[in-house]
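Worksheet: one structure, shown below.
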Amino acid sequence: MTLNKEERLKLEKDGLDVLHDIHRYAEAGFEAIDPGDFVRFKWYGIYQQKPKTDPYFMMRVKIPGGMLTYEQSVVVAELGNKFGRGLVDVTTRQAIQYHWLQIQDMPEIFERLSTVGMSPIQACGDVVRNVISSPVAGLDAKELFDVRDLVFAVEQKFLSNREYSNLPRKFKISIAADPRDLGHPEINDLALVPARYGEEVGFHILVGGGLSAKPHMAQNLGIFVRPEEALEVIEGVVKVYRDHGYREKRNHARIKFLVADWGAEKFRDKLEAVLGKAYLRGGERVQEDWNGAYLYGVHKQKQAGLNFVGLSLPVGRISGDILLEFARVAKQYGNGDLRTTNTQNIIIPNIPDENVAALLDEPIIQQFTAKPPTFVGHAVSCTGNEFCNLALVETKARMKGIAEYLDTAFPDFPTPIRLHVNGCPNQCGQQAIADIGLAGALVRRDGKMVDAFDVSIGGGLGRDAKFNRKIALKVPGDRVHHTIESIVRHYIDHRLESETFREY
Ligand code: SF4
């Protein structure tokens, strides 16, 4: 088998083994870093920031299921302020991302995160990444059962586990027991979704989803897994992928390609052979309409007398100071917990009925509102060329500007239209599942290359999950808001009464 460059690097030295080198480089400085170790830094959540010649890094920090305690939020915010020029981005996998870090900052960042049980370990790299869940797991009256312990157990199972520290590529898991698919199951390498088998509740297992340049929807293995069997099944799926996933070409190494080649039945047979056990066939997936994981406003929790409040963080960017303020109000009016969402927003849970009004009156909640304008409230963006070395175009400011323009053009717009942007053919901004998706490109204008976007429409998950389709190519960035405006106007003029954008 011909191994690609990254596979050879991993065989020379495991990604997890770069930790002592990070500490060594923190003493010796940026210039001392071995080029191969830049690749291995990902196992500790560290990426080189653009341009690679500058001594700055991005770092992702995992937040399993998006669940943050007060103490964790404070540390995350203070580190962003101290080392990251104040920036704290919320990602589409419920993690946070810092920018502007330097190699000498890393030991203190690792140390302070560990004091609150957090870590960037395996936030990136060819490993099991941050496990996502419904942003309201354990709170949602609609969920079949509470998956929080399972989310943490999976995190612990794979954390710094050398049996699984060299997978063919990254591995993304979603675990949720809510019927609205708030964990975006179909676009994960492995997803556990709620199911019933007679009177029993448990999971169906989906494998082989993923976005990037060639998006695939995950396939249902057709087995019913009891909650107490879930961890062994998850480990089994990762083992099958580790041992059978493709390692020749990086862009053909995700589990989606293996599942597409094998089919769900063969994958299930292999999984059962690895685990030495057969699982119940059938059962029924429990699924309602997908809401895109937008949870704005005040909602009753399943715990009597408590509420969660969904707030908008436009394109997922806040500062450490803002996060500190969220932590303060969460503590003052609730129990201090916060939740990050896979739509780059934030939720304050556990607010007693009698505290809701006072919380909503706080200036921070007026600013990052529970009732955002439609387009700003449904806009998602990847990092873009401000920091990302793979980006072709700028994304966050562009998307914020487009959404604000549309909110002015269409005030009080009744139906949410989800806008997503990626800065390159990768899909960190998940544009393939957007109602209107933008994928960054470059186009020549007056002899110069300028930002442009391919425009796609009609994506979404849930019962009729499908990826969007391209309808316009390389629209210059300074005109793309007009293109979207025309699409929205066409929808308004031609839709049937109460027809959603997705149905249109
Ligand atoms: Fe970078 Fe592309 Fe991911 Fe955006 S989608 S963060 S440009 S790799």
Cysteines not pairable in the chain (beta carbon separation under 4.7 Å absent): 124, 388, 424
What size of dipole, in debye to the nearest 20, comes out for the chain about its Cα centre when the only charges are +1 on Lys and Arg C-beta atoms and -1 on Asp and Glu C-beta atoms? 1440
Could you name the lysines whose alpha carbon sits less than 18 Å from that of residue 13, not counting residues in the same chain fewer than 8 places away? 5, 42, 170
Taking the simple approach of a point 7 Å from Cα along Cα-to-Cβ for both residue 196 and residue 486, what is their distance in nm? 4.8
Rh (Kirkwood, all Cα-Cα pairs) for region 1-134, Å, reads 15.2
Once you put a point 7 Å from the Cα of residue 265 and another 7 Å from the Cα of residue 321, both along the Cβ direction, what distance in nm separates them? 6.2
Could you tell me whether region 363-410 comes out rounded, prolate or oblate from its Cα gyration tensor? Rule is a ≥ b ≥ c as square roots of the eigenvalues, rounded for a/c under 1.5, then prolate if a/b exceeds b/c, otherwise oblate. oblate
For the chain, compute Rh as the Kirkwood radius over C-alpha pairs and then the Stokes-Einstein diffusion coefficient at 25 °C and 0.890 mPa s; write the answer in µm²/s, rounded to an integer. 106
Order these by the 10 Å Cβ neighbour count, fewest first: 241, 164. 164, 241
Tell me the relative contact order for region 176-317 as a rounded percent, counting alpha carbon contacts under 8 Å between residues six or more apart. 26
Determine the gain in length on full extension of the stretch residue 145-residue 464; use 0.36 nm per residue of separation and subtract their C-alpha separation, reporting nm with one decimal. 112.4 nm
Per-residue Cβ contact counts at 10 Å, fewest first, order 67, 59 as 67, 59
Along the Cα→Cβ direction, 7 angstrom out, place labels at residue 13 and residue 442. What is the inter-label distance in nm? 3.3
FRET efficiency for residue 303 and residue 281 from the Cβ-Cβ distance with R0 = 45 Å, rounded to 0.05, comes out at 0.80
Lysine pairs, Cα distance under 19 Å, 8 or more residues apart or cross-chain: how many in region 194-353? 10
Within region 226-270: backbone nitrogen closer than 17 Å to the residue 2 label point (7 Å, Cα to C-beta): 246-253
Treating only Lys and Arg (+1) and Asp and Glu (-1) as charged, each at its beta carbon, one finds that region 137-187 has a dipole about its Cα centre, in Debye to the nearest 20, of 340
Stretch gain in nm, segment residue 449-residue 405, where the contour uses 0.36 nm per residue and the Cα spacing is subtracted: 13.4 nm
Show me the ranking of peptides 125-137, 455-467 by mean Cβ neighbours inside 10 Å, starting with the highest. 125-137, 455-467
Take the alpha carbon gyration tensor of region 266-405, find the square roots of its eigenvalues, order them as a ≥ b ≥ c, and report rounded if a/c is under 1.5; if not, report prolate when a/b exceeds b/c, else oblate. oblate
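Computed from the coordinates by the stated procedures, all read-outs in this text should not be read as laboratory data. Here the structure is a predicted model, which means the values were calculated and not measured. Every residue, glycine as well, gets a Cβ built from its backbone with ideal geometry; the counts of neighbours run over all protein chains shown.
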